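Notes follow once the structure below has been shown.
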Amino acid sequence: MTTAAVRPADLGFLWTLPGVYAPQEDTRLLARALLAEGVTAGMDVLDVCTGSGALAVLAARMGARVSATDISRRAVLTAQLNAARARQRVQVRRGDLSAPWGGRTFDVVVSNPPYVPARGRRPPLWGRARAWDAGRDGRHVVDRICAHAPRLLRPHGVLLMVHSGLCGTDTTLRQLTAAGLTCSVTDRAYVPFGRVLTQRLPWLRAQGLIGPHEDKEELVVIRAERS
């Protein structure tokens with residue numbers, strides 16, 4: 001299937017079990033980046049923190065060989081079901097980041113990880129909030145992906161990751177650059193605060209993460225390439 005036949009809007013058909021992150025604006029933003037990357041048949045793609053499997057299914061529809069992981073059993077089942085419903089082959093395994101795939105490397109790694117700052121110093125071990133809470137600075141998973149990326153990518157392989165500006169875009173760029181990758185912000189969007197951010201606005205403002213008059217969240221897509 002050509003990229004012209006695949007649209008981020010097509011992600012709306014996906015089904016999610018309760019407690020699994022449903023595709024939202026960040027998913028669509030990352031889907032657009034994946035389409036722009038020009039994934040083709042024969043390429044190996046890894047979707048880290050796959051959730052509903054939206055990006056994994058999209059990559060499979062573009063012709064790639066797709067692997068996906070999530071720490072949540074419900075997310076793994078949801079991704080498997082969505083791949084089956086879309087009649088696409090996606091290998092989904094439960095585990096931490098890339099651990100289920102051993103020492104394999106990939107042409108493209110995509111990730112929409114948990115990135116919302118939360119009161120807890122560490123993310124929850126269970127419950128719905130596990131899909132978005134990521135420690136006090138929102139970087140518990142983002143930092144680990146930055147550290148893992150160089151050994152996941154083949155030469156000229158690419159990491160595509162989306163996260164909120166609240167957890168520090170410049171920090172991500174610095175970490176990926178220090179790891180030897182060439183990186184930049186390739187897309188961004190400003191979206192109204194969703195339910196999660198709205199519920200914790202007083203705390204976020206007290207932490208200085210959101211200004212008193214801000215009413216939108218910045219989402220960024222970061223592209224990092226191994227030389």
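Taking the range 185-220 as the range and being under 16 Å from the mean Cα position of the chain (by Cα) and of a type outside the set (A, V, I, L, M, F, W, C) as the test, the residues that pass are Thr186, Asp187, Arg188, Glu218. Looking for something in contact with an Asp or Glu (Cβ under 6 Å, 6 or more places away or on another chain), at negative phi, hydrophobic (A, V, I, L, M, F, W, C) and not in a strand (DSSP E or B) - is there at least one such residue anywhere in the range 200-210? Within the range 200-210, not a single residue is in contact with an Asp or Glu (Cβ under 6 Å, 6 or more places away or on another chain), at negative phi, hydrophobic (A, V, I, L, M, F, W, C) and not in a strand (DSSP E or B). Pairing residues of the range 70-96 that are over 21 Å from Arg130 (Cα atoms) with residues that are basic (Lys, Arg) and not in a loop (DSSP other than H, G, I, E, B), at Cβ distances under 9 Å and at least 6 apart in sequence or on separate chains, gives Ala86/Arg61; Gln88/Arg61; Arg89/Arg65; Gln91/Arg65.
Does Thr50 satisfy the criteria of being among the hydroxyl-bearing types (Ser, Thr, Tyr), touching a Lys or Arg at 6+ places or on another chain (Cβ under 7 Å) and buried (at least 24 other Cβ atoms within 10 Å of the Cβ)? When the stated conditions are applied, Thr50 does not pass them. You will find that of Thr171, Thr105, Thr198, the residue that is under 29 Å from Asp215 (Cα atoms) and modelled with pLDDT of 95 or more is Thr171 and no other. Looking only at residues in the range 114-146 that are modelled with pLDDT of 85 or more, in a helix (DSSP H, G or I) and among the aliphatic types (A, V, I, L, M), the one that is nearest to His163 (Cα to Cα) is Val142. Residues in the range 87-127 that are of a type in the set (Gly, Ala, Ser) and crowded, with 19+ Cβ neighbours inside 10 Å: Ser98, Ser111, Ala118. Taking the stated definitions as given, is Val57 closer than 24 Å to Glu37 by Cα, in a helix (DSSP H, G or I) and not basic (Lys, Arg)? Yes, satisfied.
The values are calculated or read from the model by the stated rules, or taken from the named source; none is laboratory data. What you see is a predicted model; the values in this text were computed from it and never measured. Neighbour counts are summed over all protein chains in view; Cβ atoms, including those assigned to glycine, are modelled from backbone coordinates with ideal geometry.
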